[in-house]
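Novice: Dumping the structure here so I can ask a few things about it.
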Amino acid sequence: SQKIEQNSEALNIQEGKTATLTCNYTNYSPAYLQWYRQDPGRGPVFLLLIRENEKEKRKERLKVTFDTTLKQSLFHITASQPADSATYLCALVANNAGNMLTFGGGTRLMVKP
Amino acid sequence: GAGVSQSPSNKVTEKGKDVELRCDPISGHTALYWYRQRLGQGLEFLIYFQGNSAPDKSGLPSDRFSAERTGESVSTLTIQRTQQEDSAVYLCASSSRRGGSSYEQYFGPGTRLTVT
(Lines give C-alpha, C1' and ligand atoms only; values in the text may rest on other atoms or scores of the structure.)
Protein backbone atom coordinates (compact mmCIF):
# COMPACT_ATOMS: atom_id res chain seq x y z
CA SER A 1 0.00 0.00 0.00
CA GLN A 2 1.03 3.61 -0.47
CA LYS A 3 2.49 5.32 2.59
CA ILE A 4 4.05 8.64 3.49
CA GLU A 5 5.83 8.46 6.81
CA GLN A 6 7.12 11.21 9.03
CA ASN A 7 8.51 10.76 12.52
CA SER A 8 5.53 11.14 14.82
CA GLU A 9 7.75 11.89 17.80
CA ALA A 10 8.51 15.53 18.46
CA LEU A 11 11.97 16.78 17.55
CA ASN A 12 13.53 18.92 20.28
CA ILE A 13 16.60 20.97 19.43
CA GLN A 14 18.52 23.91 20.82
CA GLU A 15 18.25 27.35 19.26
CA GLY A 16 20.95 27.92 16.65
CA LYS A 17 21.25 24.26 15.69
CA THR A 18 20.12 22.74 12.40
CA ALA A 19 16.85 20.84 12.50
CA THR A 20 16.46 17.93 10.09
CA LEU A 21 13.09 16.35 9.45
CA THR A 22 12.54 13.22 7.39
CA CYS A 23 9.79 12.20 5.00
CA ASN A 24 9.81 8.66 3.58
CA TYR A 25 7.39 7.25 1.06
CA THR A 26 6.60 3.86 -0.40
CA ASN A 27 4.76 2.73 -3.50
CA TYR A 28 4.59 6.21 -5.00
CA SER A 29 6.06 7.65 -8.15
CA PRO A 30 6.03 11.28 -7.09
CA ALA A 31 5.94 14.11 -9.59
CA TYR A 32 6.83 16.56 -6.86
CA LEU A 33 6.93 16.94 -3.12
CA GLN A 34 5.97 19.88 -0.94
CA TRP A 35 6.67 20.91 2.64
CA TYR A 36 4.19 22.85 4.76
CA ARG A 37 4.29 24.41 8.21
CA GLN A 38 1.28 24.18 10.52
CA ASP A 39 0.85 26.13 13.74
CA PRO A 40 -1.72 25.05 16.35
CA GLY A 41 -5.28 25.98 15.37
CA ARG A 42 -4.29 27.14 11.90
CA GLY A 43 -4.18 25.75 8.39
CA PRO A 44 -0.90 24.60 6.84
CA VAL A 45 1.28 27.18 5.09
CA PHE A 46 3.32 26.26 2.01
CA LEU A 47 7.09 26.44 2.37
CA LEU A 48 8.87 24.71 -0.50
CA LEU A 49 8.22 22.54 -3.55
CA ILE A 50 10.78 20.20 -5.09
CA ARG A 51 10.29 18.29 -8.34
CA GLU A 52 11.30 14.71 -9.06
CA ASN A 53 14.22 15.82 -11.25
CA GLU A 54 15.60 18.19 -8.60
CA LYS A 55 18.01 17.08 -5.90
CA GLU A 56 17.92 20.13 -3.68
CA LYS A 57 15.99 23.35 -3.21
CA ARG A 58 16.81 26.25 -0.87
CA LYS A 59 14.88 29.20 0.49
CA GLU A 60 16.53 31.43 3.08
CA ARG A 61 17.27 29.17 6.10
CA LEU A 62 15.35 26.24 4.61
CA LYS A 63 16.74 23.44 2.48
CA VAL A 64 14.92 20.45 1.02
CA THR A 65 16.51 17.42 -0.59
CA PHE A 66 14.73 14.77 -2.65
CA ASP A 67 16.20 11.32 -3.25
CA THR A 68 13.91 9.26 -5.47
CA THR A 69 16.19 6.24 -5.13
CA LEU A 70 15.95 6.23 -1.34
CA LYS A 71 12.33 7.45 -1.61
CA GLN A 72 13.08 10.14 0.91
CA SER A 73 12.99 13.90 1.38
CA LEU A 74 14.90 15.74 4.08
CA PHE A 75 13.86 19.16 5.33
CA HIS A 76 16.52 21.27 7.04
CA ILE A 77 16.18 24.49 9.02
CA THR A 78 19.55 26.08 9.71
CA ALA A 79 20.22 28.47 12.60
CA SER A 80 16.89 27.42 14.11
CA GLN A 81 14.89 29.85 16.21
CA PRO A 82 12.11 29.34 18.79
CA ALA A 83 9.74 30.88 16.20
CA ASP A 84 10.42 27.86 13.98
CA SER A 85 8.57 25.67 16.49
CA ALA A 86 5.61 24.16 14.65
CA THR A 87 4.46 20.97 12.96
CA TYR A 88 5.99 20.35 9.54
CA LEU A 89 4.09 18.32 6.95
CA CYS A 90 5.38 16.76 3.79
CA ALA A 91 3.02 16.12 0.92
CA LEU A 92 3.48 14.61 -2.48
CA VAL A 93 1.71 14.42 -5.79
CA ALA A 94 2.05 11.15 -7.62
CA ASN A 95 2.61 11.13 -11.37
CA ASN A 96 -0.77 9.59 -12.00
CA ALA A 97 -2.74 11.50 -9.40
CA GLY A 98 -3.42 14.82 -11.10
CA ASN A 99 -3.35 17.54 -8.50
CA MET A 100 -4.11 15.44 -5.47
CA LEU A 101 -1.71 16.04 -2.60
CA THR A 102 -1.24 13.23 -0.11
CA PHE A 103 0.06 14.36 3.27
CA GLY A 104 2.26 12.70 5.82
CA GLY A 105 1.27 12.83 9.47
CA GLY A 106 3.69 15.65 10.27
CA THR A 107 6.54 16.06 12.73
CA ARG A 108 6.41 18.55 15.57
CA LEU A 109 9.54 20.63 15.99
CA MET A 110 10.35 22.35 19.29
CA VAL A 111 13.25 24.82 19.29
CA LYS A 112 14.37 25.71 22.79
CA PRO A 113 16.04 29.04 23.57
CA GLY B 1 -4.99 40.21 -0.67
CA ALA B 2 -7.68 38.10 0.96
CA GLY B 3 -6.81 34.52 1.69
CA VAL B 4 -9.03 31.47 1.91
CA SER B 5 -11.82 31.94 4.41
CA GLN B 6 -13.99 29.32 6.07
CA SER B 7 -17.11 29.50 8.15
CA PRO B 8 -18.07 28.79 10.79
CA SER B 9 -14.79 28.63 12.67
CA ASN B 10 -16.34 26.31 15.23
CA LYS B 11 -19.44 24.15 15.04
CA VAL B 12 -20.91 21.98 17.78
CA THR B 13 -23.74 19.73 16.69
CA GLU B 14 -25.70 16.82 18.04
CA LYS B 15 -25.26 13.36 16.63
CA GLY B 16 -27.65 12.77 13.77
CA LYS B 17 -27.92 16.41 12.68
CA ASP B 18 -26.76 17.71 9.30
CA VAL B 19 -24.05 20.37 9.04
CA GLU B 20 -22.86 22.65 6.24
CA LEU B 21 -19.35 24.05 6.12
CA ARG B 22 -18.44 26.89 3.80
CA CYS B 23 -15.23 27.78 1.98
CA ASP B 24 -14.41 30.97 0.06
CA PRO B 25 -11.29 30.38 -2.03
CA ILE B 26 -8.81 32.97 -3.21
CA SER B 27 -10.27 34.86 -6.17
CA GLY B 28 -9.05 33.44 -9.46
CA HIS B 29 -8.00 30.08 -8.04
CA THR B 30 -9.49 27.36 -10.16
CA ALA B 31 -8.73 24.42 -7.85
CA LEU B 32 -10.39 23.85 -4.48
CA TYR B 33 -9.76 21.03 -2.01
CA TRP B 34 -11.37 19.80 1.19
CA TYR B 35 -9.41 17.91 3.84
CA ARG B 36 -10.18 16.47 7.24
CA GLN B 37 -7.69 16.56 10.10
CA ARG B 38 -8.33 14.59 13.22
CA LEU B 39 -6.59 15.64 16.44
CA GLY B 40 -2.84 15.09 16.24
CA GLN B 41 -3.01 13.55 12.80
CA GLY B 42 -2.19 14.50 9.24
CA LEU B 43 -4.54 15.76 6.57
CA GLU B 44 -6.96 13.35 4.95
CA PHE B 45 -8.04 14.27 1.41
CA LEU B 46 -11.81 14.42 0.90
CA ILE B 47 -12.68 16.03 -2.45
CA TYR B 48 -11.11 18.16 -5.21
CA PHE B 49 -12.72 20.60 -7.66
CA GLN B 50 -10.92 21.87 -10.76
CA GLY B 51 -12.71 24.43 -12.86
CA ASN B 52 -15.77 22.96 -14.57
CA SER B 53 -14.45 19.39 -14.52
CA ALA B 54 -16.22 16.65 -12.59
CA PRO B 55 -14.96 16.70 -8.99
CA ASP B 56 -12.64 14.01 -7.65
CA LYS B 57 -14.70 12.53 -4.82
CA SER B 58 -12.40 9.61 -4.15
CA GLY B 59 -11.60 10.68 -0.58
CA LEU B 60 -15.13 11.05 0.73
CA PRO B 61 -15.44 8.51 3.57
CA SER B 62 -19.15 7.74 3.14
CA ASP B 63 -22.25 8.79 1.27
CA ARG B 64 -23.13 11.04 4.21
CA PHE B 65 -20.48 13.43 2.89
CA SER B 66 -21.06 15.62 -0.16
CA ALA B 67 -19.70 18.87 -1.53
CA GLU B 68 -20.67 21.42 -4.11
CA ARG B 69 -18.92 24.28 -5.78
CA THR B 70 -20.50 27.06 -7.79
CA GLY B 71 -18.23 27.77 -10.76
CA GLU B 72 -14.85 28.84 -9.43
CA SER B 73 -16.16 30.38 -6.22
CA VAL B 74 -17.70 29.26 -2.97
CA SER B 75 -17.84 25.61 -1.94
CA THR B 76 -19.94 23.93 0.72
CA LEU B 77 -19.19 20.61 2.39
CA THR B 78 -22.27 18.91 3.79
CA ILE B 79 -22.23 16.11 6.34
CA GLN B 80 -25.57 14.41 6.86
CA ARG B 81 -26.58 12.48 9.97
CA THR B 82 -23.36 13.39 11.75
CA GLN B 83 -21.57 10.80 13.86
CA GLN B 84 -19.09 11.32 16.67
CA GLU B 85 -16.26 10.06 14.46
CA ASP B 86 -16.91 13.03 12.16
CA SER B 87 -15.45 15.32 14.85
CA ALA B 88 -12.37 16.92 13.33
CA VAL B 89 -11.05 20.11 11.76
CA TYR B 90 -12.20 20.48 8.17
CA LEU B 91 -9.72 22.42 6.06
CA CYS B 92 -10.28 23.98 2.67
CA ALA B 93 -7.49 24.94 0.29
CA SER B 94 -7.30 26.56 -3.12
CA SER B 95 -4.61 26.78 -5.75
CA SER B 96 -4.06 28.18 -9.21
CA ARG B 97 -3.20 25.98 -12.11
CA ARG B 98 -0.94 27.43 -14.76
CA GLY B 99 0.64 25.73 -17.72
CA GLY B 100 -0.54 22.31 -16.67
CA SER B 101 1.32 22.42 -13.37
CA SER B 102 -0.16 22.90 -9.95
CA TYR B 103 1.40 25.19 -7.45
CA GLU B 104 1.18 25.41 -3.71
CA GLN B 105 -2.11 25.11 -1.92
CA TYR B 106 -3.36 27.97 0.22
CA PHE B 107 -5.28 26.83 3.25
CA GLY B 108 -8.06 28.40 5.21
CA PRO B 109 -8.10 28.40 9.03
CA GLY B 110 -10.44 25.42 9.14
CA THR B 111 -13.76 24.66 10.77
CA ARG B 112 -13.57 22.71 14.01
CA LEU B 113 -16.54 20.35 14.10
CA THR B 114 -17.55 18.69 17.35
CA VAL B 115 -20.32 16.10 17.31
CA THR B 116 -21.78 15.42 20.75
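Novice: State, in square angstrom and to the nearest 100, the accessible area buried between chains A and B, both chains counted, probe radius 1.4 Å.
Specialist: Accessible area lost upon association: around 1400 Å².
Novice: Please compute the average number of Cβ atoms from other chains found within 10 Å of each residue's Cβ in peptide B:36-43.
Specialist: Mean shielding count: 5.
Novice: Right, something else. Run the numbers on chain B and let me know its relative contact order in percent, using alpha-carbon pairs under 8 Å that are six or more apart.
Specialist: Value for chain B: 37 percent.
Novice: Still on this structure, I have one more. Calculate, in whole percent, how much of the Cα-Cα pair population of the protein assembly as shown lies beyond 26 Å.
Specialist: Numbers: 9908 of 26106 pairs.
Tail of P(r) above 26 Å: 38 percent of Cα pairs.
Novice: Carbon and sulfur together cover what percent of the accessible area of chain B at a 1.4 Å probe radius?
Specialist: Ligands and nucleic acids excluded, carbon and sulfur give 43 percent.
Novice: Two decimals, Cα atoms only, Kirkwood Rh: what is Rg/Rh over chain B?
Specialist: 0.96
Novice: Compare the peptides A:10-18, A:36-44 by average per-residue count of other Cβ atoms within 10 angstrom and give them in order, highest first. It would help to have the intermediate numbers written out before the result.
Specialist: Details: A:10-18: 12.8, A:36-44: 17.8.
Most protected by this proxy first, the peptides run A:36-44, A:10-18.
Novice: Once neighbouring chains are kept in place and the probe is 1.4 Å, which whole percent of the accessible area of the stretch A:20-113 is contributed by carbon and sulfur?
Specialist: Exposed carbon and sulfur together represent 50 percent of the surface.
Novice: To continue, here is another question. Over the stretch B:24-116, average the accessible area per residue using a 1.4 Å probe and give it in Å², no decimals.
Specialist: About 44 Å² of surface per residue is accessible.
Novice: Under a Cβ-only charge scheme (Lys and Arg +1, Asp and Glu -1), can you give me the dipole magnitude of chain B about the Cα centre, in debye to the nearest 20?
Specialist: Values: 13 positive and 12 negative charges, 21 e Å.
Charge dipole of chain B: 100 debye, to the nearest 20.
Novice: Measuring from centroid to centroid over Cα atoms, what is the spacing of the stretch A:1-75 and the stretch B:26-61 in Å?
Specialist: Measuring centre to centre over Cα atoms gives 21 Å.
Novice: Place the peptides A:86-93, A:22-29, B:50-57 in order of packing, highest mean first, counting for every residue the other Cβ atoms within 10 Å and averaging per peptide.
Specialist: Ranking the peptides A:86-93, A:22-29, B:50-57 by packing returns A:86-93, A:22-29, B:50-57.
Novice: Mind listing, in residue-number order, the residues in the stretch A:42-85 that have at least 20 Å² less accessible area with every protein chain present than in their own chain alone (1.4 Å probe)?
Specialist: A:43, A:44, A:46, A:51
The values are calculated or read from the model by the stated rules, or taken from the named source; none is laboratory data. Since the model is a prediction, treat every value here as computed from it, not as a measurement. FYI the Cβ positions are ideal-geometry reconstructions off the backbone, even for glycines, and counts take in every protein chain you see. With ligands, DNA and RNA removed, areas are computed over all heavy atoms of the protein, side chains included. Shrake-Rupley method; radii C 1.70, N 1.55, O 1.52, S 1.80 Å.
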